[in-house]
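One structure is given below, encoded as structure tokens.
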Amino acid sequence: MANSTPITRFRFWLRLIALIGVIVPRRLRADWRQEWEAELRYREELLAEWDRLDWKTKLNLLRRSLGAFWDAVMLQPRRLEDEMFQDLRFGLRMLLKNPRFTLIATFTLALGIGANTAIFSLVNALLLRPLGGVTEPERLAQVGRQYAGKSYLSDSSYPDYLDYREQNTTLSGLALRSPTGFHLSTGQEAAAVSGELVSGNFFDVLGVRTAQGRLITPADEQGDAASRVAVLSYRLWRQRFGAEPGVIGRTIKLDGHDFVVIGVAGEGFDGTKVGERFDVWAPLLTLRQTNPKRANLFSDRRPSWLEMFGRLKPGVTIAQARAEFSTIAERLKQTYPQTNTYATAGVELDLGRDIAARREVRRFAYAPFMAVGIVLLIACANVAGLLLARASARGREIAVRLALGAGRVRIVRQLLTESLTLALAGAAIGLFLGLWLTEGLSRMLPERFIFLSFKLDFGLDWRVFGFTLAVAVLTGVTFGLVPALQASKPDLVQTLKDARLVGPRGRTGLRGALVVSQVALSLVLLIAAGLCVRTLRNARAVDTGYEIERALTARIDLGKQNYNQAQGQIFQRQLIERLQSTPGVQAAGLAVTLPLNDGRWETGIYPEGEDERRTQTFQNFVSPRYLETMNIPLLLGRQFSELDDEQATRVAIINQTLARRLWPNENPLGKRLSGKLVTNARQSVEVVGVARDIKGRNLFEPPVPMLYLPLLQNYQPSLVLHLRTSVEPGLLTDALRREVSALDRNLPVHSVQPLNEHLNATLTPQRLLASLITGFGLLAMLLAGIGLYGLLAYTVAQRTPEIGIRMALGANRGAVLKLVVAQGMKLALIGVGIGLAAAFGLTRVMKGLLFGVNPLDPLTFVMVALSLTCVALVACYLPARKATKVDPLAALRHE
């Protein structure tokens, strides 16, 4: 009797070990139990001598008594790993067993995930991808003048840069850049390339590596001068110089001046503006030698012409840098009140992206993201419906597993594993589909949209890959959870008795709710697409005031070929004469600026002797036949002629808006205007004509005051050629280049484009929104139609015995057709009603993106609702027609 207690106690612990061992992975259970049973025997020997043990041994014994449970818990990851691979193997086997279902579900998800990947790739390139080829881009900051009420940074002056560079302590370096265009000549034909004039520490601050030679350093700046050296981009080195190492030390001509190539920047570095590609860098101070007229810029604090940027020191925050630069700006205000009073200093991260451009991109991006989000939700609802139908077909399998002891959590986990497998397969295909869509989107983008260049890298990076993976996991859980929960609680008794009773009414109702949601979401998206299409149509119908079609434009810059004024005017006259005699050219003209998507020259003018009536206006310098070439009607007076040269009276043509503003209800002809029209010196001109108002840079704003000045009286070397053609403008591109080359073979002609392409560039947001949302809307409608068709096809299959009985009892084919169509159309019409209500609220968010159309436009709402109803009717008719072909005898025999 005395020995029974230890034996009983020992058996109790053995049973406890066996119970805990249930949670140990099966392949590890035997070794685990053997180890812990041996541990128990050792412990029992110690317990027999319990009274003689010291307190440390007793505590250690108690601690080790809990070790079995702790050891079992620590083995759970390996258990979960085993079960995860078991679930994955079984899930893959089940998916491969039903290839039709797997392919439909995978490609449905691929469409939704691919659309999201494409839009994210676009946003990633525009907003997230950092500058390439630089070190630690997250520590680079742009610095500039900050004016009250302005959310963007303006350029700075050179004297201000010197003060900020010397006085700041938060940046490890402060550098300068000034973007410019170069005429590059290597003894062959000259080419126009984009470049930057930079400070000596430009590459040091950025942390750019070199591919060949060396980069520009502070040693290349000597006092107020600089060495005439140049650094080439890796791309230009390969394309123009054949990647020859011997290019180092070679002399090239930039704007007609000799420069020595000292190095090639590392591959991947394109400059400090995301979306733009610069090919040549030269020291900023060489401007004193190559363009002495601009030498005064280096001593004048007023002009804003240089962009500053710097690198934050380790541990310094952007807030500290802002505070210090604001303090320096206040000191400069006190020291130089005449030039620095109205501006402080701003510091912003994300070097390379214009602040205003970022704001516009964010404003634009929410609509496409909402659209692809809706497409993804519809795809999820579609696949969820397929999974519900599949779960009904697998009802007996799941019921048997539950009856054999599988827990509900285990069943849900197995089904979710299958859903995630489908989602990941869809993501893999969607990733490639997204890259293909992104490539198509990039072709729709112009070279430049006002302040934003689109020479971007839209390729795959870790952000796009991570986004796609996250969407896939979220999608797998979203469309898999509800079907898994539904499938994991069948009525075991009825299901095991008869597999045909697997699909209770609740599940059919859930599938119906999914179809209703698909129809409603697709309707919202289609209404948004209709509003965007109408906006684009309205924008294209805007009267610009001049003729867009059959006009060709191109740019030349005589200043970069060192033409003086006399030489330049001779060249311009000869070029116009040669072009006007070219077959297919009706008229030719020259101007400094181009309407739409171009820069504007702004100045202040006033009627002579009435300074208080000062008006801000845009001006353009044009050749005699410019208005004729553009088909801008002259309402009063005369056009410019060859007689309006420097020896003649200074004249001008104004537009209707400027005439109304300066001389309302008066004839402006013969009146005089004053202002700083060309140089800082005040000039006076006589109004000789009034031209019709035109749309300048913005199609969606009223016409602004416009002043035209004769090019013969105001020489400008950088010009835009305009040709009015009787043939397709693109056919005259070669002829245009030939005529320019005949006068100067070293003068590059660039940006050769039909005028309507500038209109397309101006309408970039509207074109993208209309194309994207319409495409996604049609895709959503297709998915909703497929979802409705799938639901009715499944219902017809389930109700085949019932339909056979109805037909055996006398129901005709028309009655069966009406029965099935009515069931589907009821769901479709409920979805249409919900969608109309949702669109009524959601489309108001788009108000800022629309033009000439009400967000609640009744025509769009009605037409889209009718179109979607017709699609739903077709989706209902196809399975209904199949139902009418049921053989009553075959259906009854099956029953």
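The values are calculated or read from the model by the stated rules, or taken from the named source; none is laboratory data. All of these numbers come straight from a predicted model, not from anything done at the bench. For neighbour counting, all protein chains shown are included, and Cβ atoms are generated from backbone atoms with ideal geometry for every residue, glycine included. Each accessible area value is taken on the protein alone, full model and side chains, heavy atoms only, with ligands, DNA and RNA left out. Shrake-Rupley method; radii C 1.70, N 1.55, O 1.52, S 1.80 Å.
Brief remarks follow.
- The sole residue among Ser178, Ser151 that is hydroxyl-bearing (Ser, Thr, Tyr), touching a residue at least 12 places away in the same chain (Cβ under 8 Å) and open to solvent by 50 Å² or more (accessible area, probe 1.4 Å) is Ser151.
- Test: residue in region 185-197 that is of a type in the set (S, T, N, Q), open to solvent by less than 50 Å² (accessible area, probe 1.4 Å) and within 30 Å of Gln414 (Cα to Cα): no
Residue-wise test of (1) in contact with a helix residue (DSSP H, G or I) (Cβ under 8 Å, 6 or more places away or on another chain); (2) farther than 30 Å from Cys380 by Cβ; (3) modelled with pLDDT under 65.
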{"residue": "Met84", "(1), (2), (3)": "yes, no, yes"}
{"residue": "Phe101", "(1), (2), (3)": "yes, no, no"}
{"residue": "Gly112", "(1), (2), (3)": "yes, no, no"}
{"residue": "Thr117", "(1), (2), (3)": "yes, no, no"}
{"residue": "Leu126", "(1), (2), (3)": "yes, no, no"}
{"residue": "Ser154", "(1), (2), (3)": "no, yes, no"}
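- Reported count of residues in region 102-119, each being open to solvent by 30 Å² or more (accessible area, probe 1.4 Å) and touching a residue at least 12 places away in the same chain (Cβ under 8 Å), is 3.
- Lone qualifier among Ala815, Ala838 - being open to solvent by less than 80 Å² (accessible area, probe 1.4 Å), of a type outside the set (Lys, Arg) and either at pLDDT below 80 or out of contact with any helix residue (DSSP H, G or I) (no Cβ under 6 Å at 6 or more places or on another chain) (or both): Ala815
- All positions within region 790-812 that are of a type in the set (Gly, Ala, Ser), free of Cβ contacts under 8 Å to residues at least 40 places away in the same chain and over 17 Å from Leu386 (Cα atoms): Gly810, Ala811
- Looking only at residues in region 154-175 that are open to solvent by 50 Å² or more (accessible area, probe 1.4 Å) and not acidic (Asp, Glu), the one that is nearest to Arg311 (Cα to Cα) is Ser172.
- Gly132 fulfils the conditions (1) in a helix (DSSP H, G or I); (2) surrounded by fewer than 19 Cβ atoms within 10 Å (Cβ to Cβ) except for a single criterion, (1).
One line per residue, one yes/no per condition, for (1) acidic (Asp, Glu); (2) within 18 Å of Ile576 (Cα to Cα); (3) buried (at least 19 other Cβ atoms within 10 Å of the Cβ); (4) without any contact (Cβ under 8 Å) to a residue 60 or more places away in the chain:
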residue: Ser726; (1), (2), (3), (4): no, yes, no, no
residue: Gly730; (1), (2), (3), (4): no, no, no, no
residue: Thr733; (1), (2), (3), (4): no, yes, no, no
residue: Glu739; (1), (2), (3), (4): yes, yes, yes, no
residue: Arg745; (1), (2), (3), (4): no, yes, no, no
residue: Val752; (1), (2), (3), (4): no, yes, no, no
residue: Ile773; (1), (2), (3), (4): no, no, yes, no
residue: Gly777; (1), (2), (3), (4): no, no, yes, no
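To keep it simple, each residue is scored yes or no on (1) open to solvent by less than 10 Å² (accessible area, probe 1.4 Å); (2) under 30 Å from Gly848 (Cα atoms); (3) touching a residue at least 60 places away in the same chain (Cβ under 8 Å).
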position	(1), (2), (3)
Arg638	no, no, no
Leu677	yes, no, yes
Tyr715	no, no, yes
Leu719	yes, no, yes
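- Of the residues examined, Arg806 is one that is part of a helix (DSSP H, G or I), farther than 30 Å from Pro583 by Cα and out of contact with any helix residue (DSSP H, G or I) (no Cβ under 6 Å at 6 or more places or on another chain).
- Within region 640-670, the set of residues being touching a Leu at 6+ places or on another chain (Cβ under 8 Å) and open to solvent by 40 Å² or more (accessible area, probe 1.4 Å) comprises Glu642, Asp645, Glu646, Gln656, Asn667, Leu669.
- Conditions (1) over 17 Å from Tyr794 (Cβ atoms); (2) modelled with pLDDT under 80; (3) open to solvent by 20 Å² or more (accessible area, probe 1.4 Å): number failed by Thr421: (2)
- Within region 285-363, helices (runs of 4 or more DSSP H) holding 3 or more residues that are surrounded by fewer than 17 Cβ atoms within 10 Å (Cβ to Cβ) and out of contact with any Phe, Trp or Tyr (no Cβ under 9 Å at 6 or more places or on another chain): 318-335
- Residues that are of a type outside the set (S, T, N, Q), modelled with pLDDT of 90 or more and open to solvent by less than 20 Å² (accessible area, probe 1.4 Å) number at least 3 in the following helices (runs of 4 or more DSSP H) confined to region 456-562: 505-540.
- Hey, Leu836 farther than 30 Å from Ser392 by Cβ, out of contact with any strand residue (DSSP E or B) (no Cβ under 8 Å at 6 or more places or on another chain) and outside any helix (DSSP H, G or I) or not: no
- Asn746 part of a loop (DSSP other than H, G, I, E, B), at pLDDT below 90 and over 17 Å from the mean Cα position of the chain (by Cα): yes
- Some residue of region 248-269 being assigned to a helix (DSSP H, G or I) and either modelled with pLDDT of 95 or more or under 30 Å from Glu138 (Cα atoms) (or both): no
- Scanning region 418-469 for residues that are of a type in the set (A, V, I, L, M) and within 28 Å of Leu388 (Cβ to Cβ) yields a total of 11.
- Any hit, region 234-256, residues being closer than 20 Å to Pro218 by Cβ and open to solvent by less than 10 Å² (accessible area, probe 1.4 Å): no
- Test: residue in region 694-706 that is open to solvent by less than 70 Å² (accessible area, probe 1.4 Å), under 30 Å from Ser726 (Cα atoms) and assigned to a strand (DSSP E or B): yes
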